[in-house]
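The values are calculated or read from the model by the stated rules, or taken from the named source; none is laboratory data. Model, not experiment: these values are computed from the prediction. Heads up, the Cβs are rebuilt from the backbone with ideal geometry, glycines too, and the neighbour counts pull from every protein chain shown. Just the protein is used for accessible areas: all its heavy atoms, side chains included, with ligands, DNA and RNA removed. Shrake-Rupley method; radii C 1.70, N 1.55, O 1.52, S 1.80 Å.
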Amino acid sequence: MSKTPNPFKYFHSSPEVIRLVVMMYVRFPLSLRNVEDLLFERGIDLCHETVRLWWNRFGPLFAADIRRQRVQRMRGFRHWRWHLDEMYVRLNGEMVYLWRAVDHEGEVLESYVTKKRDKSAALRFMKKALKRHGQADKIVTDGLRSYPAAMKDLGNVERREMGRYLNNRAENSHLPFRRRERAMQRFRQMKSLQKFAAVHASLTNHFNSE
């Protein structure tokens, strides 16, 4: 049986410092230079470009590990209530859509970026969430027609719920990402937006105290 390769093998810094740097940058609304300054005050001297390198290299690894543990823990849970919502994100002056699935505990299950919010985009997003997390008992959405159209194709439209205040759980879950978005001064590529949204969601879940 082959051993899992050590991701920190060729790095001189300790894994604890790397984890601290990535957690600080992703979780809090800090710039690369803010993290550099905070670490320097604590006796850790590194360049802001090192922060960028570490977050790009290790952020997805940490997020995948957190997500994998939660999926294994929750797959047998049959009373899940999901909240689906989409939010605008500005990308080089153009509006794109960040679809998010949030469970009844406020933890983000899935994040998916598209240029449109039609039936096709909703279907791709929901298929991705269902494949990874399994079926939900109830799915709460807003009045966007793309949701029932996609759910009809998936055969779970009877699970849908819609109401004026029912989707507040999803609306409130957008706030940490909005704060982080302002600190990063917008995104420039869909690929980087997708990557950061997924990592940010997993690390936010990790520190969710509910």
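Here are the numbers:
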| quantity | calculated |
| --- | --- |
| Qualifying residue in the stretch 182-201 (condition: without any contact (Cβ under 8 Å) to a residue 40 or more places away in the chain and touching an Asp or Glu at 6+ places or on another chain (Cβ under 8 Å)) | no |
| Count of the stretch 54-67 residues which are exposed (fewer than 15 other Cβ atoms within 10 Å of the Cβ) and not basic (Lys, Arg) | 4 |
| His12 being crowded, with 16+ Cβ neighbours inside 10 Å, part of a loop (DSSP other than H, G, I, E, B) and at pLDDT below 85 | no |
| For Leu130: the one exception among (1) outside the structural domain of Met87 (by the TED database); (2) surrounded by 14 or more Cβ atoms within 10 Å (Cβ to Cβ) | (1) |
| Residues (touching a strand residue (DSSP E or B) at 6+ places or on another chain (Cβ under 7 Å) and modelled with pLDDT under 85) located in the stretch 189-210 | Thr204, Asn205 |
| Residue match in the stretch 115-126 (condition: open to solvent by 80 Å² or more (accessible area, probe 1.4 Å) and within 24 Å of Ile66 (Cα to Cα)) | yes |
| Tally, over the stretch 177-194, of residues that are in a helix (DSSP H, G or I) and either open to solvent by 100 Å² or more (accessible area, probe 1.4 Å) or of a type in the set (A, V, I, L, M, F, W, C) (or both) | 7 |
| Hits in the stretch 155-172 - residues which are without any contact (Cβ under 8 Å) to a residue 12 or more places away in the chain and not in a helix (DSSP H, G or I) | Gly155, Arg164, Tyr165 |
| Filter pass, Ala121 being under 14 Å from the mean Cα position of the chain (by Cα) and not polar (S, T, N, Q) | no |
| Every residue from the stretch 138-154 that is open to solvent by 50 Å² or more (accessible area, probe 1.4 Å) and part of a loop (DSSP other than H, G, I, E, B) | Gly143, Arg145 |
| Some residue of the stretch 26-33 being over 18 Å from Ala198 (Cβ atoms), open to solvent by 90 Å² or more (accessible area, probe 1.4 Å) and outside the structural domain of Arg178 (by the TED database) | yes |
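One line per residue, one yes/no per condition, for (1) open to solvent by less than 60 Å² (accessible area, probe 1.4 Å); (2) among the aliphatic types (A, V, I, L, M); (3) assigned by the TED database to the domain that holds Met151; (4) under 30 Å from Gly163 (Cβ atoms):
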| residue | (1), (2), (3), (4) |
| --- | --- |
| Asn6 | no, no, no, no |
| Met24 | yes, yes, no, no |
| Asp45 | no, no, no, no |
| His48 | yes, no, no, no |
| Gln69 | no, no, no, no |
| Asn92 | no, no, yes, no |
| Trp99 | yes, no, yes, yes |
| Asp103 | yes, no, yes, yes |
